[in-house]
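Below is one structure, written out as structure tokens; comments come after it.
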């Protein structure tokens with residue numbers, strides 16, 4: 001840039017206190033004081049008298065100057081070259097070959113700027129403009145221009161940052177780099193595909209609006225096709241879902257969706273790979289998908305049964321197809337914890353009532369329980385009995401039967417359940433309008449399990465009114481039976497006294513079933529205030545049986561006893577599974593997600609839970625995260641209730657990360673440890689969706705006084721600039737107000753103090 005000589009202007013302005021008349025009046029008054037009351041000539045000589053008058057005059061003049069409030073303004077004007085910014089997109093999406101003759105977008109861009117070189121050279125030769133050019137992807141890179149080559153672009157080459165496109169960030173940085181200089185215009189050549197992670201994901205529209213406020217024109221030139229993206233053919237995994245925890249030897253279902261583009265009618269193989277004990281991968285399931293149209297998504301479901309314990313990485317992969325440009329979207333991974341000793345329950349329900357919603361919620365919150373729910377609609381009795389063969393193929397530890405009629409199940413399935421209970425499984429019968437005798441369970445194959453004597457005449461048909469003799473009207477208070485109240489199911493406190501007090505404070509139930517006469521082996525665990533059995537238990541073979549007559553424990557939750565409700569149901573299921581005597585505490589770790597893009601924070605929770613499901617607070621816990629390259633760092637955790645929470649930040653490196661938490665109770669020598677892996681994936685933003693975005697480019701241009709141009713119209717931009725004024729004026733101002741500065745105050749004070757001091761010294765005061 002060459003600057004012409006500065007032109008200076010110096011002006012002085014006044015802003016008098018009050019008005020000029022007031023300043024004049026004060027001036028006259030001060031002058032009268034000065035001349036009407038001179039120093040006594042008889043007491044001092046003429047030299048001393050003149051000095052005193054001079055000091056007094058200086059003070060008066062300083063005061064008058066402050067009242068006039070003068071301001072000195074120095075203005076400087078300069079003539080400056082205009083700067084033309086040229087930004088060329090060099091991201092990976094510019095390699096897509098969707099131009100005429102199979103030319104890539106980059107080849108089209110370089111050809112466009114080559115055609116514009118004569119106009120650019122002529123613009124610079126006139127001396128009024130300077131051209132500054134950059135290439136950009138995620139970062140902005142300057143081009144070293146020469147007199148004969150304003151746009152030194154060569155063949156496209158990949159950079160570490162070419163996997164992203166930050167149009168907004170590049171514009172912002174380019175403007176900032178020439179701060180203080182006059183921008184004559186900006187030319188942006190790109191496909192308009194903005195793909196960037198924070199903090200480079202600056203909205204280009206925001207930057208364009210800022211340019212409009214400055215009066216800076218922007219011309220946009222778009223390369224590439226909006227439809228098709230130049231890919232032609234593409235097979236991609238678009239989502240993946242699987243449970244985070246699965247029990248050993250249990251079936252895990254992996255669900256996903258596969259997008260197929262340009263593969264109409266073709267069978268595409270989808271493979272599920274599971275990590276083994278050595279860290280390698282083996283194929284565990286395979287299927288094929290197809291779509292009739294050019295573009296379509298198909299659901300995929302594959303199954304895997306883990307044979308070993310530990311955390312396992314699952315990868316779903318669609319096999320590459322001939323002609324695919326993008327392969328990075330052909331697979332997706334997640335992590336699954338394979339655990340042992342877990343409790344699995346089958347819950348059969350005939351009515352979608354409030355009780356079942358609360359029960360399912362509390363059991364689902366237990367990390368060591370997996371509950372499969374099956375609703376058997378009583379309104380579709382024409383489809384009864386239903387087939388439970390698939391469900392019963394799984395090794396359930398506990399069966400829960402809610403408000404369901406016995407006729408809803410096949411006799412052979414009931415016999416299977418009977419055999420399972422005899423072999424060690426537990427079963428719980430829950431209250432409801434069609435439970436127990438009302439539902440015909442006493443006369444069914446499971447009648448042998450019932451802890452009370454069956455009454456074959458008590459069957460309640462669906463089209464009959466409810467028989468009062470089969471139900472207890474509410475309200476009903478549930479209390480531990482004095483003889484058997486110490487059982488773990490009913491434990492709500494640290495000892496018997498606190499437990500009984502807790503039960504006495506629980507809200508009353510809305511009603512219950514009448515269980516009938518108990519068999520000799522049955523034990524009433526909980527009763528009403530008058531001794532009517534509500535919770536009855538018995539052993540059957542190696543298994544356990546519970547009959548619970550109530551169906552309104554959800555009222556406990558609604559009236560502030562959610563913890564008691566959770567503890568009761570958890571303990572009941574654990575008792576049925578013969579896991580009620582377990583004293584082991586379990587350290588747990590939960591991640592908010594297992595797959596995240598670079599730079600995304602990961603939240604997690606951890607803690608120690610007792611066998612009763614209560615969290616321990618007497619522990620210390622630390623967390624360490626390890627990157628794919630092996631670098632480890634501590635992660636801050638904070639206590640939240642009876643657990644700990646933390647957030648892993650700065651996860652920018654793609655690959656598998658590991659989070660380890662270590663917890664130690666007071667008095668323990670060695671900490672307990674739990675780990676979990678998560679993946680920071682580097683999605684190929686540029687090629688995963690390489691379609692051009694001319695709408696964005698148009699928005700940038702229309703936000704300013706520039707415009708949208710075709711590639712062949714780029715030389716006309718420089719011709720248009722050449723017709724504009726080549727000289728831009730800049731102005732600098734220097735403003736000084738001496739009246740309100742400390743030197744003026746010092747001058748005024750010094751004159752007055754000196755005059756007073758001399759008069760006192762010379763005996764005039």
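Among 311, 100, 719, 107, the ranking by other beta carbons within 10 Å of each residue's beta carbon, starting with the fewest, stands as 100, 719, 311, 107.
Relative to its Kirkwood radius, the Cα radius of gyration of the stretch 352-415 gives an Rg/Rh of 0.97. In the stretch 343-576, the ratio of gyration radius to Kirkwood radius, Rg to Rh, stands at 0.93 when only Cα atoms are counted. P(r) tail for the chain: Cα pairs beyond 41 Å make up 60% of the total.
Centre-to-centre, using Cα atoms only, the stretch 276-340 and the stretch 163-238 are separated by 36 Å.
Would you mind getting the Kirkwood hydrodynamic radius of the stretch 58-205 from its Cα pairs, rounded to one decimal in Å?
Mean inverse Cα-Cα distance, inverted, gives 18.0 Å.
What are the semi-axes of the equivalent ellipsoid for the stretch 487-645, taken as the square roots of 5 times the Cα gyration tensor eigenvalues, largest first, in whole Å?
On the way: eigenvalues 344, 61, 44 Å².
Taking √(5λ) for each Cα gyration eigenvalue gives 41, 17, 15 Å.
The distance between label points at residue 558 and residue 724 comes to 7.1 nm (points 7 Å beyond Cα on the Cα→Cβ vector). With q set to 0.15, 0.17, 0.25 Å⁻¹, the log10 of I(q)/I(0) for the stretch 83-162, from the Debye formula over equal scatterers at the Cα positions, is -0.55, -0.69, -1.20.
Once you keep just the Cα pairs under 8 angstrom separated by 6 or more residues, what percentage relative contact order results for the stretch 343-576?
21
A straight line joining the Cα centroids of the stretch 391-414 and the stretch 645-696 runs 42 Å. Sketch the reach of a paramagnetic label on residue 357 as a point 7 Å from Cα along Cα-to-Cβ, and name the residues of the stretch 373-389 whose backbone nitrogen lies under 20 Å away. Within reach of a label on residue 357, which here means backbone N under 20 Å from a point 7 Å along Cα→Cβ, the stretch 373-389 contributes 373-379. Working note: Debye formula, equal point scatterers on the alpha-carbon atoms of the stretch 450-523, no solvent; log10 I(q)/I(0) at q = 0.25 Å⁻¹ is -1.16.
Based on the Cβ-Cβ distance of residue 238 and residue 483, what FRET efficiency does E = 1/(1 + (r/R0)^6) give at R0 = 41 Å, to the nearest 0.05? Walk me through the numbers before you get to the answer.
Working: r = 61 Å, r/R0 = 1.48.
Efficiency at R0 = 41 Å is approximately 0.10.
Multiplying the residue separation of residue 392 and residue 143 by 0.36 nm and subtracting their alpha-carbon distance yields 82.6 nm. Taking all C-alpha pairs of the stretch 234-339, those more than 23 Å from each other amount to 27 percent. Pair-distance distribution P(r) for the stretch 311-377, from all Cα-Cα distances in 10 Å bins starting at 0: 16, 28, 20, 20, 14, 2 percent. Among 471, 434, a tally of other beta-carbon atoms within 10 Å of each Cβ gives an order, fewest to most, of 471, 434. If the chain linking residue 682 and residue 624 were pulled fully straight, counting 0.36 nm for each residue of separation and taking away their Cα-Cα distance, it would gain 18.6 nm. Each Cα pair under 8 Å and six or more residues apart adds its separation to the average, and for the chain the resulting relative contact order is 15 percent. A Förster radius of 35 Å combined with the Cβ-Cβ distance from residue 328 to residue 303 puts the calculated FRET efficiency at roughly 0.85. Cβ-Cβ distance of residue 248 and residue 288, R₀ of 30 Å, FRET efficiency by 1/(1 + (r/R0)^6): the value works out to about 0.50. The C-alpha atoms of the stretch 343-471 occupy a region whose extents along the principal axes are 41, 31, 29 Å, arranged from largest to smallest.
Can you tell me the relative contact order of the stretch 291-379? Whole percent, Cα pairs under 8 Å, sequence separation 6 or more. Present the calculation step by step, with values, prior to reporting the outcome.
On the way: 88 pairs, mean separation 21.9, N = 89.
Relative contact order of the stretch 291-379: 25 percent.
Put simply, the Cα atoms of the stretch 586-680 extend 38, 24, 19 Å along their principal axes, the longest span coming first. Reported to the nearest whole Å, the Cα centre-to-centre distance from the stretch 599-642 to the stretch 520-545 is 42.
Fully extending the segment from residue 658 to residue 761 would add 28.4 nm, taking 0.36 nm per residue of separation and subtracting the current Cα-Cα distance.
Can you sort 498, 334, 553 by how many other beta carbons sit within 10 Å, fewest first?
Lowest to highest Cβ neighbour count: 498, 334, 553.
Rounded to the nearest 10 degrees, the inclination of helix 742-761 to the longest alpha-carbon principal axis of the chain is 60 degrees.
Read-outs: derived from the displayed coordinates by stated rules, not from any lab. Because the structure is predicted, anything quoted here is derived from the model rather than measured. Note: ideal-geometry Cβ built from the backbone for every residue, glycine included; neighbour counts use all protein chains shown.
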